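Here's the structure we're looking at; comments come further down.
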Amino acid sequence: MSEPGLLVLGDNLEFLRAEPPGSADLVVTDPPFATGRLRAGPSGPAAPAAFPDRWASLEAYLDFLRPRLAAMRDLLQPRGSLVVHLDFRAAHLVRAELDRLFGRGRFVNEIIWHYTGGGRGKRAFARKHDNLLWYAKGPGWTFNIDSVREPYKPTSGYARGGIVSRAGKRYAPHPDGTPVDDVWDIPIVNPLSPERCGYPTQKPERLLERLIAALSNPGDRVVDPFCGSGTALVVAARLGRAWMGGDIFPAAIAATRRRLDAAGFAGAYTLREDAPPPRGGRCAPAGQSSSAQYCSTCPATTARLASQNSRERMSMPKRAASSAALPSPVPRSSAL
Ligand SMILES: C[S@@+](CC[C@H](N)C(=O)[O-])C[C@H]1O[C@@H](n2cnc3c(N)ncnc32)[C@H](O)[C@@H]1O
């Protein structure tokens, strides 16, 4: 039986490979999108967190992602699912990778997360959706459509009285509402919402609630290896799932811990610090490294992140939040 919660500070390639194969029921993850930017937080307790989302090329980005996606697939049990959250920049390329990795027949859905908000396109339609690619490990998978029904529209005649087919068969409205399809209208986290923690690219809990409720069962193990501020992990814990997740940035782990603690899960999980990637805080000239994202960031960015992360590290308790025994922390350099 896996532990109820495990939060890891480290490179997910290492910590995913260290987990027993087949030990996850659902991997739901939101990696960097290859925006070419330093993603800095808006406001809130996690600010000023930032992580670099720059690669020398899209090929370098895919080189980074490929072994990690393979490690995620290996972690899934035979009825498990993987959902990868991306946007227009790389969704098509990653889908081709996932087709190769899982087999095209294992593609289940592309969920379009549509959101509204400021910004009107001047030369093209405003980009207001992300793409969530869902693949199943095997020919059968968990799918609880009834747990994610939505209320019928107030104008729905069907909701009021159902319909009767020409053949006289009666269809009654479902008491829990209508099944959702693959286009989801869910607002982004409002800047004034108490949910907003200030971590860059924070995703709405409602989005993760729907995914986790539909694609896993209570007691299942949910994994997010690019956890950021821990949205998926907090939601998994709240929905009674075991969970495991991690991030390479101390600022992300600190934000996740704040959210888990605020949600009442302090002491209900283990925190582990893994060794940092062996890059010694140095940045290779852009283009010289094919896959390491940090080597495609400029030295100024790296120095800024190093100082921010060492500040975060100093404010992080050395011990696990839970009373469970922790492996002794491995000495780490301020690589980022
Ligand atoms: C898009 S953000 C995730 C945001 C998250 N879904 C949330 O709601 O807060 C991607 C995260 O991946 C992390 N990351 C990037 N490379 C990583 C690696 N090699 N191992 C672990 N985490 C990594 C970044 O630090 C960043 O926090």
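Computed from the coordinates by the stated procedures, all read-outs in this text should not be read as laboratory data. Quantities reported herein were computed from a predicted structural model and do not represent experimental measurements. Note: ideal-geometry Cβ built from the backbone for every residue, glycine included; neighbour counts use all protein chains shown.
Evaluate E = 1/(1 + (r/R0)^6) for Arg123 and Ile145, where r is the Cβ-Cβ distance and R0 equals 45 Å; express this FRET efficiency to the nearest 0.05.
Details: r = 39 Å, r/R0 = 0.87.
My answer for the efficiency is 0.70.
In nm, give the distance between the simple-model label positions of Lys153 and Leu192, each being 7 Å from the Cα along the Cα-to-Cβ direction.
Distance between label points: 2.8 nm.
Where Lys and Arg each count +1 and Asp and Glu each count -1, what net charge lies around Cys227 among other residues with Cβ under 9 Å from its Cβ? Spell out each step's value before the answer.
On the way: positive: none; negative: Asp30, Asp224, Asp247.
Here the count lands on -3.
With Cβ to Cβ distances under 13 Å as the rule, what net charge do the other residues near Cys197 carry (K, R +1; D, E -1)?
Details: positive: Arg196, Lys203, Arg257, Arg258, Arg259; negative: Glu195, Glu205, Asp261.
Once all neighbours under 13 Å are counted, the net charge is +2.
Could you give the dipole magnitude of the stretch 156-255 about its Cα centre, charging the beta-carbon of Lys and Arg +1 and that of Asp and Glu -1, in debye to the nearest 20? Don't skip to the answer; put the middle values down first.
Values: 11 positive and 10 negative charges, 101 e Å.
Using only the charged Cβ atoms, the result is roughly 480 debye.
Within the stretch 61-86, which residues have the backbone N less than 19 Å from the label spot 7 Å out from Glu14 along Cα→beta-carbon, could you tell me?
64-72
Only four residue types carry charge here, +1 at the Cβ of Lys and Arg and -1 at the Cβ of Asp and Glu. Report the dipole size of the stretch 1-90 about the Cα centre in Debye, rounded to the nearest 20.
240 debye
Given R₀ = 30 Å, FRET efficiency for Asp181-Asn217 by Cβ-Cβ distance, to 0.05?
On the way: r = 22 Å, r/R0 = 0.73.
Once the sixth-power term is evaluated, E becomes 0.85.
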